[in-house]
Amino acid sequence: MSNEFSQSTLSRRQFLLWSAFGGSTLALAACAVPVAAPASAPAEAPLEEPAEEAHAEATEEPHAEEGEVKVMVRDVLEYSLDPQGWEGPYGSVTFRLHQAWHNGEAVYYIRTDASDPTFAEEVGLVYVPLLNAANGIEQVNKLYELSGDRMPVIAMIPGHEDYSSLFRMYTVTVQDDSLELTSEEAIEQAVADGAAMLEERPLFVNYPLIQWTGGGMTVDPDLKEVLPGGQLFAEPDLENMSVTMKLHQCYPGSRYILTDTSSAPMAPMMNVPASVPMQELKERGGTDEIWVFGNGIPGPGVMGFQPAIFDNKAGELAWSPFWDHFTVLWADESQARVLTSSAEIRALIESGELELFNGVPDSHPEGFVVNCPAPILAPNTFTA
């Protein structure tokens, strides 16, 4: 059964021209399809494995059986895999929001992934051993968990040149309950004065910021396309501590959100924050790969073609929410067909049937990273 979509396809010439001005939009060649299922399942954490070993080997798929939908993140409150009255080719997902402090001001974030299997299982996040590759990246953001009932504190927010949604976790034990610790500077001073103890934890988490001092992820009032407007359906509900985002589809069997990119020039065109330090995560082997189609079979992707493909599913040891972005073009578009796996992609690149671009054609050979957590696994139903 074929699906109908409102997005128009682009010619090869239009694609190459568009990529020269705003090729970052290719990071979201995805769709949402009609599937109905309940949203009530916690994530399961695989056994621990070193990041370098996880990245090198293929893993079997321990998740949803064929036709089954699995919620991977416990903070997912509700979701729809298909459009519910809007034109855009995507579903929706509502997350529980969490509050933190930054320089004395409240900021709000969602939680999706963690590098430690025990922590991931306790909190209900996707276990991603590849995030341990961030160890040694000097500019990784910091999140301080304070003892007692105090809100956590984060070091950097979007707009800072070293902001990233990947945080190293720290534990702060406060000795003086009278202290107001709502900034990194205040914590550092308390530690220096002996009023608090600081412990660095061997733990990295993917906690994308949704709203921060002077800004936030933007709302798409039209809900017709993937990127224009932004990734939110509405302003965050701070009374009920929730936020609803666009939910996109990729092969194999996954639904994802978009939160930030390592490319500062492309971030405004994608309507997401820049997270420049995540480019180094790619260099250290902490990313997975995604291939986006710039021509071929018409479909629900942002460029008007079939859904994108990435190497692994959320929950598999070689998976990462931080995607190393590639674009592929059919050398002979008349030979185009629907592809669904990275094995097919690699074989056709080797044979010359697909042309490969690191990032997008205009950025090649330089690439970039997009942060696209996958809170839900669900069957792909797209057909040509």
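Rule-based calculations on the coordinates, nothing more; no lab input. None of these values were measured; they are calculated from a predicted model. Using ideal geometry, Cβ is built from the backbone for each residue, glycine included, and neighbour counts are taken over all protein chains shown.
Here the Karplus relation 6.51 cos²θ - 1.76 cosθ + 1.60, evaluated at θ = phi - 60°, turns the backbone of the range 116-123 into coupling constants of 10, x, 5, 4, 4, 5, 5, 8 Hz, with x for every Gly and Pro.
Considering only alpha-carbon pairs that sit under 8 angstrom and 6 or more positions apart, the relative contact order computed for the range 98-209 is 32 percent.
Assigning unit charges at the beta carbon (Lys, Arg +1; Asp, Glu -1) and nothing else, what dipole magnitude in debye, to the nearest 20, does the range 98-209 show about its Cα centre? Each step should come with its number before you reach the end.
Values: 5 positive and 19 negative charges, 75 e Å.
Roughly 360 debye for the range 98-209.
Exposure proxy shown here: for Asp260, Asp362, the number of other Cβ atoms within 10 Å sets the order, fewest to most, as Asp362, Asp260. Here's how it looks for Ser254: its modeled amide H is under 5 Å from those of Ala378, which are all 5 or more places away or on a different chain. Amide H to amide H, with H built 1.01 Å from N, Ser164 comes under 5 Å of Asn141, counting only residues 5 or more places away or on other chains.
When each of the peptides 80-93, 367-380 is scored by the mean number of other C-beta atoms lying within 10 Å of its residues, the order from highest to lowest reads 367-380, 80-93. Put a dot 7 Å past the Cα of Ser147, heading toward its Cβ, do the same for His98, and the two dots end up 2.0 nm apart. Peptides 331-342, 217-228, 286-297, ordered by how many other C-beta atoms sit within 10 Å of their residues on average, highest first, read 286-297, 217-228, 331-342.
Exposure proxy ranking for Ser363, Ser351, Ser115, based on other Cβ atoms within 10 angstrom of each Cβ and starting from the fewest, stands as Ser351, Ser363, Ser115. Spin-label pair Ala264-Glu199: with each label point 7 Å from Cα along the Cα-Cβ axis, the two points sit 3.6 nm from one another. Modelled label positions at Gln335 and Gln189, each set 7 Å beyond Cα in the direction of Cβ, lie 6.7 nm from each other.
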